[in-house]
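First the structure, in the form of structure tokens, and then the observations on it.
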Amino acid sequence: MKIIATVAALALLGGAGAPTAAEVVQATPASFEIKQVVTVEASVARTWGALMVPQKWWDHEHTYSDESANLYLDPQATGCFCERIPASKGTVEHARVVYIQPPRMLRLVGALGPLQAEAVTGTLTFRLDPETKTTTRVTLDYVVGGYVRAGADTLAPKVDEVLATQLIGLKAAAEAGVDVAPKDNAGSR
């Protein structure tokens, strides 16, 4: 089932960055699968570099601290995709790295956003494939299963929309050639 509302909303935001495919592949009360694909006008290496610094592309509206700069990723197995919450001196784990194969695949396990309060597991995979020397196809898959009090199928369209926003941010960051040197996170844990 295509999520027409997501694509329409993204078009209003400047549709050129919208994923070429944004889809809730399946949804049940206990699970859902989302798949999105976008072509990035940047090499695989440059796109990978941007992917490694979510603080440069993750939308601040979908953080606990309201500041993307507080996000960090430790790009190794068991590494954290986490966020500092300076106001409360707290931290939050969004997901953890379970598989990383630079510069082609990053797989994280975590229940993002409101799913964190539910009894679910989510697996988020980013796969980067070269289309040409200067373009990269990014495929995002998010598979969630478990118990969701409101029903996973009711949350799937919103999660799809939020992840499309993140994918657009990644595309923009990679294409802009943002400084992708990750910060040293040792002092932020």
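Report, by residue number, each residue of segment 100-115 that is free of Cβ contacts under 8 Å to residues at least 24 places away in the same chain and not aliphatic (A, V, I, L, M).
The initial filter retains those residues of segment 100-115 that are free of Cβ contacts under 8 Å to residues at least 24 places away in the same chain, namely 101, 105, 107, 109.
Result: Q101, R107.
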**OP:** Looking for whichever is under 20 Å from L170 (Cα atoms), of a type in the set (A, V, I, L, M) and either part of a loop (DSSP other than H, G, I, E, B) or modelled with pLDDT under 95 (or both) here; the options are A45, A8. Which one fits?
**Re:** A8
Original post:
Looking at segment 60-72, which of its residues are in contact (Cβ under 8 Å) with a residue 60 or more places away in the chain and closer than 17 Å to G49 by Cα?
Top reply: Y72
**OP:** State yes or no: is V138 of a type in the set (V, I, T), touching a residue at least 40 places away in the same chain (Cβ under 8 Å) and touching a Phe, Trp or Tyr at 6+ places or on another chain (Cβ under 6 Å)?
**Re:** no
**OP:** Look at G49 and say whether it is under 24 Å from D129 (Cα atoms), of a type outside the set (D, E, K, R) and within 13 Å of the chain's Cα centre (by Cα).
**Re:** no
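Identify, from the list T91, T63, the residue that is modelled with pLDDT of 95 or more, among the hydroxyl-bearing types (S, T, Y) and crowded, with 20+ Cβ neighbours inside 10 Å.
Details: T91 fails: crowded, with 20+ Cβ neighbours inside 10 Å.
Step by step, each of T91, T63 is checked, and only T63 is modelled with pLDDT of 95 or more, among the hydroxyl-bearing types (S, T, Y) and crowded, with 20+ Cβ neighbours inside 10 Å.
Counting only residues that are among the hydrophobic types (A, V, I, L, M, F, W, C) and outside any loop (DSSP other than H, G, I, E, B), which one in segment 48-60 is surrounded by the fewest Cβ atoms within 10 Å (Cβ to Cβ)? Break it down stepwise before answering.
The initial filter retains those residues of segment 48-60 that are among the hydrophobic types (A, V, I, L, M, F, W, C), namely 48, 50-53, 57-58.
Applying the additional criterion that residues be outside any loop (DSSP other than H, G, I, E, B) yields 48, 50-51.
Numbers: W48: 22, A50: 26, L51: 24.
By that ranking, first place goes to W48.
Specify which of the listed residues (P75, P86) is surrounded by fewer than 20 Cβ atoms within 10 Å (Cβ to Cβ) and in contact (Cβ under 8 Å) with a residue 40 or more places away in the chain.
Among P75, P86, only P75 is surrounded by fewer than 20 Cβ atoms within 10 Å (Cβ to Cβ) and in contact (Cβ under 8 Å) with a residue 40 or more places away in the chain.
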Original post:
Filtering segment 127-177 down to residues that are crowded, with 20+ Cβ neighbours inside 10 Å and charged (D, E, K, R), which residue is farthest from P102 (Cα to Cα)?
Top reply: D160
Original post:
What pairs can you find where one residue is in segment 24-49 and without any contact (Cβ under 8 Å) to a residue 40 or more places away in the chain, the other is surrounded by 17 or more Cβ atoms within 10 Å (Cβ to Cβ) and part of a strand (DSSP E or B), and their Cβ atoms are less than 6 Å apart, with a gap of 6+ or different chains?
Top reply: V25/E33; V25/K35; Q26/E33
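The values are calculated or read from the model by the stated rules, or taken from the named source; none is laboratory data. The shown structure was predicted, so the numbers you read here are calculated from the model rather than taken from an experiment. Backbone-built Cβ (ideal geometry, glycine too); neighbour counts: all protein chains shown.
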